[in-house]
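First up is the structure itself, then whatever we jot down about it.
The values are calculated or read from the model by the stated rules, or taken from the named source; none is laboratory data. Since the model is a prediction, treat every value here as computed from it, not as a measurement. Here Cβ is always computed from backbone atoms with ideal geometry, including for glycine, and neighbour counts include all displayed protein chains.
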Amino acid sequence: LQHNYQTGPRDGTKEAELWGERKDFWEDYYFIAEDEIYNTIAEAEKIDDPDERIAMIKGALIDTLVNYPWIHPDYGIVHNPYGVMATFTYPSLRGYANPAFMTSGYYRLWWHMYSEKREASVDLHTMGKVHEFKTGLKVRYYHLGSWYNSLPWSSTPFWDYYNYKPVDLAAYIQGRLDFEGLFLRGGMRFDYFNPKAQKRKHPENLLSEEWVDAKVKYKFSPRLAFSFPITERSKIRFNYGQFFQTPPMRMIYLCQISEVALRGNQIIGDPDLSAKKTTIYEVGYENAFTEDFGLNLTAFFKDVYDMEGTREVFALPVSYTIITNVEYGNIRGFEVALIKRLSNYWRSRISYALQFARGTASDAWEGYYNYVNAAPDPITGQHPPFPKIDYPLDFDQRHTFHFDFGLVFDEKFPLVALRDFNANWIASFQSGMPYTKIDMRGNPLGDKNSSYKPGFWNVDMRVSKSIKFGLPRLTLIFQVYNLFNTEQWLDVYPSSGEPDWDGKEFTPGMFIGKLTVFDRDYHPSADADHDGYITNVEYFEAYMRARKDILDDPANYGPPRIIRFGVELSF
């Protein structure tokens, strides 16, 4: 039996640390009556009438008296460590995206989630001289709940509620036969999913209250693998398999209440979502040149159908966005590896992989954010069109190189000081991921994901030495990640191609300045010489410091050099 809980707002600890003693500047959002909402939810779930239950829960989620000072103009002026204004209070800078912490207030989201899973399984395994047989069954019962509101002070908030108890089942059968020179493996898997929910009979009419049961889903997925020798030291192998993955539960049950859907600008789940289907083909060649050295060649091809995506539904009285099985992905490539097994106290592996990942969407929400809800074309008034062909996906890492080298000195090594000593180095190169370059107005420059971030090298090291003290064995461990402290760009700003700046240019002339201690917009943090007067140059410098701090995002970089020491005691 597994229980998973997540409740309340996000953790604002890191934001709070930024402000030091000014804890009032950044605080987690809270309901005035948050201590009572859980009791309200519990009582509402006991009510059989769905309309009455929903109304009771909605009343608990909506709190128009919520303490959310961000909406007060004074909190968007100079209440921050840099003493600079927010965009909406600074007319000369409108249209520029300011750092998020230039305004203050409580985090607007309140979200309580509940999930419970009961699982039972049985497996049978038998093995003979030339065969192996496996079979099994697994059943899972879920209880899922979500109570959500991101605009609790509004009379028309983004809120949602659901409470469902779906069931899934999986059964498999697998066998293996070994003949002289031929190894054959095969199997079949059966997947069953019952969402135990209803869907709209007329999705084009949100005013209709006709509902039908969502279909029970079941899938059969075969798997096959075989290998056979072509010489005494080489063989060919082949693998084929189909795999199905049930969509995330939230995508199935999101915003099913009519009142929620009628709010407008909503993303609605689909209780009839199908599992996405992945078909994999793999062909490999293995050759042992000697007892210690070998070569592996592998080519792979993967098709992914029925991936979750978002599309607009034109309905009455308002359109909405639905999550549906509409996207496609394809991954293909090959890997070549030279392997030296452990002998004469050393081992090694060097490999190179070339991969192409293309598709129609990198994630399920891309259709909504990049097309349905994107800014319309100023000339045509239309939203950007969906792609007509596939393109490189966000995780299309074209080239990967790995080199692994290890030294293993056992207890019989001639040099006593190095007995029970191990050292390992792993060097790797990863080419950059794609992104879509844009201009300063956000317009794409070129095709989707036609630009690539720079690649980077990385070297890790691990050294250990074991010492025996009778029965216990003491092992000293020394590890270094990113040994040469290389700068690794994980993400960049699409307007500049750099990880620490978005490319926007500012000049002192863009700032008003001329603020004195008697002005509401004055703040000593922007008054560099503390003479009680902020010039436009001082304000420009304060503003640029703020932008630099927020744009120089540590998440855009890989980890720097990390050194760790450890001790392991074994008996």
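Which one of these is more than 30 Å from THR436 (Cβ to Cβ) and either buried (at least 16 other Cβ atoms within 10 Å of the Cβ) or not assigned by TED's automatic domain parsing to the domain that holds TYR82 (or both): VAL492, VAL517?
From the options VAL492, VAL517, the qualifying one is VAL517.
Would you please name the residue that is surrounded by the fewest Cβ atoms within 10 Å (Cβ to Cβ), looking only at residues in segment 132-187 that are touching a Pro at 6+ places or on another chain (Cβ under 6 Å) and part of a strand (DSSP E or B)? Break it down into steps so the answer makes sense when it comes.
Quick first cut of segment 132-187, residues touching a Pro at 6+ places or on another chain (Cβ under 6 Å) only: 142, 149, 151, 166, 181.
Cutting the leftovers down to part of a strand (DSSP E or B) gives us 142, 149.
Values: TYR142: 17, ASN149: 24.
The selected residue is TYR142.
In the set THR246, THR279, THR298, THR290, which member is out of contact with any strand residue (DSSP E or B) (no Cβ under 9 Å at 6 or more places or on another chain) and not hydrophobic (A, V, I, L, M, F, W, C)? Spell out how you get there, then give the answer.
Values: THR246 fails: out of contact with any strand residue (DSSP E or B) (no Cβ under 9 Å at 6 or more places or on another chain); THR279 fails: out of contact with any strand residue (DSSP E or B) (no Cβ under 9 Å at 6 or more places or on another chain); THR298 fails: out of contact with any strand residue (DSSP E or B) (no Cβ under 9 Å at 6 or more places or on another chain).
None of the others qualify; the one that does is THR290.
Could you go through segment 347-362 and let me know if any residue there is surrounded by fewer than 16 Cβ atoms within 10 Å (Cβ to Cβ), out of contact with any Gly (no Cβ under 9 Å at 6 or more places or on another chain), farther than 30 Å from ARG250 by Cβ and in the same structural domain as ASN265 (by TED's automatic domain parsing).
Yes, the conditions are met somewhere in segment 347-362.
Can LEU262 be described as closer than 27 Å to ALA364 by Cα, among the hydrophobic types (A, V, I, L, M, F, W, C) and either surrounded by fewer than 17 Cβ atoms within 10 Å (Cβ to Cβ) or in contact with a Phe, Trp or Tyr (Cβ under 9 Å, 6 or more places away or on another chain) (or both)? Break it down into steps so the answer makes sense when it comes.
Numbers: closer than 27 Å to ALA364 by Cα: yes; among the hydrophobic types (A, V, I, L, M, F, W, C): yes; either surrounded by fewer than 17 Cβ atoms within 10 Å (Cβ to Cβ) or in contact with a Phe, Trp or Tyr (Cβ under 9 Å, 6 or more places away or on another chain) (or both): yes.
Against the criterion (closer than 27 Å to ALA364 by Cα, among the hydrophobic types (A, V, I, L, M, F, W, C) and either surrounded by fewer than 17 Cβ atoms within 10 Å (Cβ to Cβ) or in contact with a Phe, Trp or Tyr (Cβ under 9 Å, 6 or more places away or on another chain) (or both)), LEU262 qualifies.
Please pick out the residue among PRO229, PRO222 that is outside the structural domain of ALA55 (by TED's automatic domain parsing), more than 16 Å from ASP272 (Cβ to Cβ), modelled with pLDDT under 95 and not acidic (Asp, Glu). Full working, then the answer.
Values: PRO222 fails: modelled with pLDDT under 95.
Testing whether each residue is outside the structural domain of ALA55 (by TED's automatic domain parsing), more than 16 Å from ASP272 (Cβ to Cβ), modelled with pLDDT under 95 and not acidic (Asp, Glu) leaves just PRO229.
Take the residues in segment 188-223 that are among the acidic types (Asp, Glu) and surrounded by fewer than 14 Cβ atoms within 10 Å (Cβ to Cβ); name whichever of them is nearest to PHE244 (Cα to Cα). Reasoning before the result, please.
Kept after step one, since they are among the acidic types (Asp, Glu), are these residues of segment 188-223: 191, 204, 209-210, 213.
Narrowing further to those that are surrounded by fewer than 14 Cβ atoms within 10 Å (Cβ to Cβ): 204, 209-210, 213.
Values: GLU204: 29, GLU209: 32, GLU210: 31, ASP213: 22 Å.
Per the stated criteria, the residue is ASP213.
Give me a count of the residues in segment 521-558 that are of a type outside the set (A, V, I, L, M, F, W, C) and closer than 30 Å to PRO454 by Cβ. Full working, then the answer.
If we filter segment 521-558 for residues that are of a type outside the set (A, V, I, L, M, F, W, C), which is where we start, we get 521-525, 527, 529-533, 535-536, 538-539, 541, 543, 545, 547-549, 552-554, 556-558.
Restricting the remaining residues to those that are closer than 30 Å to PRO454 by Cβ gives 543, 545, 547-549, 552-554, 556-558.
So the answer is 11.
Out of (1) under 29 Å from the mean Cα position of the chain (by Cα); (2) over 20 Å from VAL139 (Cβ atoms); (3) not in a strand (DSSP E or B), the odd one out for GLU209 is which?
It fails just one condition, (1).
Here are some conditions: (1) surrounded by 13 or more Cβ atoms within 10 Å (Cβ to Cβ); (2) within 30 Å of GLN430 (Cα to Cα); (3) of a type in the set (A, V, I, L, M). ALA542 meets all but one. Which one does it not meet?
It is condition (2) that ALA542 fails.
Identify, from the list ASP491, ASP500, ASP519, the residue that is touching a residue at least 60 places away in the same chain (Cβ under 8 Å) and of a type in the set (Asp, Glu).
Details: ASP500 fails: touching a residue at least 60 places away in the same chain (Cβ under 8 Å); ASP519 fails: touching a residue at least 60 places away in the same chain (Cβ under 8 Å).
Of the residues listed, the single one that is touching a residue at least 60 places away in the same chain (Cβ under 8 Å) and of a type in the set (Asp, Glu) is ASP491.
What number of residues in segment 395-436 are within 30 Å of ASP377 (Cα to Cα) and surrounded by fewer than 16 Cβ atoms within 10 Å (Cβ to Cβ)? Reasoning before the result, please.
If we filter segment 395-436 for residues that are within 30 Å of ASP377 (Cα to Cα), which is where we start, we get 395-396, 433-436.
Next, only the ones that are surrounded by fewer than 16 Cβ atoms within 10 Å (Cβ to Cβ) stay: 395.
Number of matching residues: 1.
Quick one: would you say ILE230 is without any contact (Cβ under 8 Å) to a residue 12 or more places away in the chain and in contact with a strand residue (DSSP E or B) (Cβ under 9 Å, 6 or more places away or on another chain)? Before you say what the answer is, go through the steps one by one.
Values: without any contact (Cβ under 8 Å) to a residue 12 or more places away in the chain: yes; in contact with a strand residue (DSSP E or B) (Cβ under 9 Å, 6 or more places away or on another chain): yes.
Judged against the criteria, ILE230 is a match.
Take the residues in segment 443-453 that are more than 30 Å from LEU483 (Cα to Cα) and outside any strand (DSSP E or B); name whichever of them is modelled with the lowest pLDDT. Give the derivation first.
Initial filter on segment 443-453 (more than 30 Å from LEU483 (Cα to Cα)): 443-450.
From what is left, the residues that are outside any strand (DSSP E or B) are 443, 445-450.
Numbers: ASN443: 86, LEU445: 92, GLY446: 90, ASP447: 92, LYS448: 93, ASN449: 95, SER450: 95.
So the residue we want is ASN443.
Would you confirm, using the coordinates I've provided, whether PHE289 is among the aromatic types (Phe, Trp, Tyr) and either over 32 Å from the mean Cα position of the chain (by Cα) or at pLDDT 95 or above (or both)? Before you say what the answer is, go through the steps one by one.
On the way: among the aromatic types (Phe, Trp, Tyr): yes; either over 32 Å from the mean Cα position of the chain (by Cα) or at pLDDT 95 or above (or both): yes.
Judged against the criteria, PHE289 is a match.
If you scan segment 252-309, which residues turn out to be outside any loop (DSSP other than H, G, I, E, B), of a type in the set (D, E, K, R) and without any contact (Cβ under 8 Å) to a residue 60 or more places away in the chain? Talk me through it step by step, then tell me what you get.
Of segment 252-309, the ones outside any loop (DSSP other than H, G, I, E, B) are 252-253, 258-261, 267-268, 276-288, 293-309.
Those still in the list that are of a type in the set (D, E, K, R) too: 259, 276-277, 282, 286, 302-303, 306, 308.
Those that are outside any loop (DSSP other than H, G, I, E, B), of a type in the set (D, E, K, R) and without any contact (Cβ under 8 Å) to a residue 60 or more places away in the chain: LYS276, LYS277, GLU282, GLU286, LYS302, ASP303, ASP306.
Name the residues in segment 366-383 that are among the hydrophobic types (A, V, I, L, M, F, W, C) and free of Cβ contacts under 8 Å to residues at least 12 places away in the same chain, would you?
So in segment 366-383, the residues among the hydrophobic types (A, V, I, L, M, F, W, C) come out as 372, 374-375, 379.
Passing the criteria: ALA374, ILE379.
If a residue must be in a strand (DSSP E or B) and either within 32 Å of the chain's Cα centre (by Cα) or assigned by TED's automatic domain parsing to the domain that holds ARG332 (or both), how many such residues does segment 406-431 contain? Walk me through it before giving the result.
Of all residues in segment 406-431, those in a strand (DSSP E or B) come to 406-409, 421-430.
Still in the list and also either within 32 Å of the chain's Cα centre (by Cα) or assigned by TED's automatic domain parsing to the domain that holds ARG332 (or both): 424-430.
So the answer is 7.
Every residue, every condition in (1) touching a residue at least 40 places away in the same chain (Cβ under 8 Å); (2) part of a loop (DSSP other than H, G, I, E, B); (3) surrounded by fewer than 17 Cβ atoms within 10 Å (Cβ to Cβ); (4) β-branched (Val, Ile, Thr), yes or no:
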| residue | (1), (2), (3), (4) |
| --- | --- |
| ARG441 | no, yes, yes, no |
| ASP460 | no, no, yes, no |
| ILE467 | yes, no, yes, yes |
| PHE484 | yes, yes, yes, no |
